[in-house]
Structures are given as structure tokens and as C-alpha cells.
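Where a number appears in this text, it was derived from the coordinates with a stated rule and is not lab data. Treat the numbers as computed from the prediction; the structure is a model and nothing was measured. Cβ coordinates were reconstructed from backbone atoms using ideal geometry, including for glycine residues, and neighbour counts include every protein chain displayed.
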Amino acid sequence: MILKNILVCEDEDAIRDFVVINLKRAGYDVTDVNCGEDALREFELSGGRFSIVILDIMMPGISGLEVCKAIREKDSAIGIIMLTAKSQEIDKVQGLSGGADDYITKPFSPLELVARVDAVFRRISHTGVQKDEKKYISSGPFTLDVQSRTVTKNGRPIELTQIEYGLMEYFITNEGIALDRNSILKKIWQDEYNIDAKIVDVNVRRLRMKIEDTPSAPSFIQTVWGYGYRWVI
């Protein structure tokens, strides 16, 4: 069972208190810090206790983006949500490329905050396996362990985030079918709202970097121009 423990890192006291209060009301156990250095320290000392980390992008000292990358390098399963005070696309893309699962643009409502956190928590706690379902899915050199939500290529493990794993499972189980971006968005990000379809492209690009022999000329995840993507073996 995955615990509902969250680490919140935000340097503005009012925003941090707002996030903490609303997450506690929603049933989460929250640890809060006001800088990237303390976030990394809490993460190291936690022993894997946190299921989700919420990081402000713009902070003095170590930025949220740097913290995101450092945490993601050590934990591929933890959920990471970025907070940004800007609406510019570059902030969102940088966060997602750095390993974040989602972003929330300030200002945000309690409803949006909890909805996005709940959605990430559902994804990371989802096993997707019933007693009569397959425990492994194979496609070409890849094998997916559905119970542990891990992937190997030619027997060698590939470190994927839960978003990346979900994308790969969806592609493989629909081999040869052109999947449009909106369908992918609905399947992987479920009931989240106000989320840009470009998040699909960012995560597909990141997935290609990990599974393709030549990411710039992908063999497995092929682009269907003006539509979406198709898995080919």
C-alpha cells in the first residue's frame, strides 16, 4: 500500500500554508519546507516515505527544476508536481522534461490542487493487475512487468517514470494503431483538466530517449503527423 505522504517545497509562506492546509484536509500527510536544499535533505532522510513531491520552480538557491532532476534520478516511481508562477510554455516544458509528472500554474484553487494531486496519486498507486490478467506484456525486445510496472529491453531494466510506463503500456497494447493525442491524454492523465495536449509530446520525447536506439529516428514510437503516435515492431 502506498502511503499518502507528500513533501511540499515552496518559498512563499502564504502559498505553502495554503497548499499544506488543503492537502491535509484532503487526507494527505504533509511535510513542508521552504527551500530546495531542505527538500533534498528531507527526501534523502525519508527512506522512500514520500509518494509525491510538490516543488515550486522559482526559488532562491537550488531551483525546483534542479530538485526535480535530482529526485527523479534516484526515484523513478515517485510523483512530482511543479508549481510555477508563470504561464509561459517554457516553464512547463522544462519541468516535464526534467522528470515532473504534472504542473500547476499559480494562482490555483483548492479544487484544482487536490484534483491534480489525487490524479497523480492514483497513477502511482495503480497496479493495473487483476487475478485473471497477464502479469507480463512482451513486444519485440521489451517486456513489461505489469505488477511492478517496470520495463526491460533485451533483459536489461529501463528506468521509467510512471507516466512513461503508462504511455509504453498503452502503446504496446495498441500495437499498429494510430493513437491521437487527445486519446492518449485522456488515457494517461485521466480526469485532469486544463492540461495542454503538448504534455503528450514532451513525455513521448522523453520516453524515446530511454527506449529507442536512435531517438532522433525512432523505430518503435512512430509519429503520425498531425494526429499522434503509433507503436510499431
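Structure notes:
- For the chain, the alpha carbon convex hull comes to 129 Å³ per residue, rounded to a whole number.
- Length-normalised contact order for segment 5-125 - Cα pairs under 8 Å, 6+ apart - percent: 23 percent
- When all alpha carbon pairs of segment 136-231 are counted in 10 Å bins from zero, the resulting P(r) reads 15, 53, 28, 3 %.
- Between 0 and 90°, nearest 10: helix 198-211 axis offset from the chain longest Cα axis: 60 degrees
- Cross-link pairs beyond the 30 Å C-alpha cut-off, checked among Lys69/Lys186; Lys24/Lys210; Lys24/Lys135; Lys106/Lys153; Lys106/Lys135: Lys24/Lys210; Lys24/Lys135; Lys106/Lys153; Lys106/Lys135
- Gap separating the Cα centres of segment 97-128 and segment 137-204, nearest whole Å: 17 Å
- Summary value for segment 148-233: 34 percent relative contact order, contacts being C-alpha pairs under 8 angstrom separated by 6+ residues.
- Estimated from the Cβ-Cβ distance and a Förster radius of 41 angstrom, the FRET efficiency linking Asp11 and Thr214 is about 0.50.
- Helix-only [θ]222 nm of the chain, DSSP H runs n ≥ 4, -39500 (n - 2.57) each, per residue, nearest 500: -12500 deg cm²/dmol
- Across the chain, Cα pairs under 8 Å and at least six residues apart give a relative contact order of 14 percent.
- Extension gain, Glu175 to Thr105: 0.36 nm times the residue separation minus the Cα-Cα distance gives 21.7 nm.
- Debye log10 I(q)/I(0) for segment 5-125, one point scatterer per Cα, at q = 0.12 Å⁻¹: -0.35
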